[in-house]
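Comments concern the structure below.
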Amino acid sequence: MQIKKLKMLISIVVFVLLTTVSTKATDECFENTSRAIFKFNMAFDDIVFEPIAKGYNKLPSPVKTGTNNFTSNIGNLLSIPNNVLQGNIKQLGHSVGSFAINTTVGILGFLNPAEKLGLKPHKEDVGQTLGSYGIGAGCYFVLPILGPTTVRDSVGLIADTFLDPFAHVTIRENEILSTSGNSLDYYSVKGAGAVDFRANNDKNLENLEKNSIDLYSSLKSIYLQDRENKIENSVKDRDDWENLDN
């Protein structure tokens with residue numbers, strides 16, 4: 001079963017290779033549909049995410065910092081295999097070292113002693129790895145709830161669940177090093193990360209909504225620039241927005 005899934009994943013990646021060579025990320029796959037989904041997402045944000053984010057921001061700072069540390073630490077698990085695939089030995093050391101130290105000394109990642117030791121792992125995913133191989137982003141579109149993406153990044157999103165050790169011990173319910181979980185664990189952590197991200201960017205989003213002539217285009221530009229910077233492992237042109245990967 002796993003071999004069949006792997007073959008299917010490889011086929012999808014090959015398809016992306018063939019279809020994204022001449023397509024620019026600034027091109028839209030289906031703009032009218034994406035704009036309609038974007039309006040739905042903004043309405044969902046107004047009703048669900050924004051109130052939760054504002055409530056979350058009222059929590060004590062140690063709680064918010066601990067949540068951010070915990071979700072980021074688990075995110076390092078996906079970075080480790082991607083560091084290997086990218087041949088980035090330095091970042092592999094940062095990711096492995098940070099996860100090991102924060103999970104143990106840092107009490108399951110709620111604390112971040114690794115940062116004080118100079119370990120600063122970059123968040124890496126399959127979309128970034130494909131980009132590092134020179135695979136183009138493909139056209140841009142918007143997913144319900146999940147938000148902006150490209151053909152390459154949407155394929156990467158699926159591939160992440162095959163490569164991420166945390167996904168294997170939760171949604172796939174495999175046991176790794178005597179550790180196992182379930183789908184609830186996976187989606188709880190992802191949900192907590194999404195709320196933390198939304199709360200951290202509450203003021204930024206408010207300002208963007210007030211000052212943007214076309215909010216859809218503004219968020220598209222921010223997303224594409226952020227992804228390009230991450231592929232290049234660059235910090236240039238970054239503003240006050242938090243990571244857009246949560």
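The values are calculated or read from the model by the stated rules, or taken from the named source; none is laboratory data. It should be emphasised that the depicted structure is a prediction, and the values quoted were computed from it without experimental measurement. Methodologically, a virtual Cβ is constructed for each residue, glycine included, from the backbone with ideal geometry; neighbour enumeration extends over all protein chains shown.
Below are the figures for this structure:
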item: The range 145-186, subset small (Gly, Ala, Ser) and more than 14 Å from the chain's Cα centre (by Cα), residue modelled with the lowest pLDDT; result: Ser178
item: Every residue from the range 44-61 that is among the small types (Gly, Ala, Ser) and under 14 Å from Glu206 (Cα atoms); result: Ala53
item: Count of the range 32-79 residues which are closer than 28 Å to Lys120 by Cα and in a helix (DSSP H, G or I); result: 21
item: Test set (1) over 30 Å from Tyr216 (Cα atoms); (2) part of a helix (DSSP H, G or I); (3) of a type outside the set (Phe, Trp, Tyr); (4) in contact with a helix residue (DSSP H, G or I) (Cβ under 7 Å, 6 or more places away or on another chain) - Gly93 fails condition number; result: (4)
item: In the range 136-155, residue nearest to Ala167 (Cα to Cα) [restricted to those that are crowded, with 20+ Cβ neighbours inside 10 Å and of a type in the set (A, V, I, L, M)]; result: Val155
item: Considering residues of the range 187-237 that are hydroxyl-bearing (Ser, Thr, Tyr) and touching a Ser or Thr at 6+ places or on another chain (Cβ under 6 Å) only, the residue modelled with the lowest pLDDT; result: Ser212
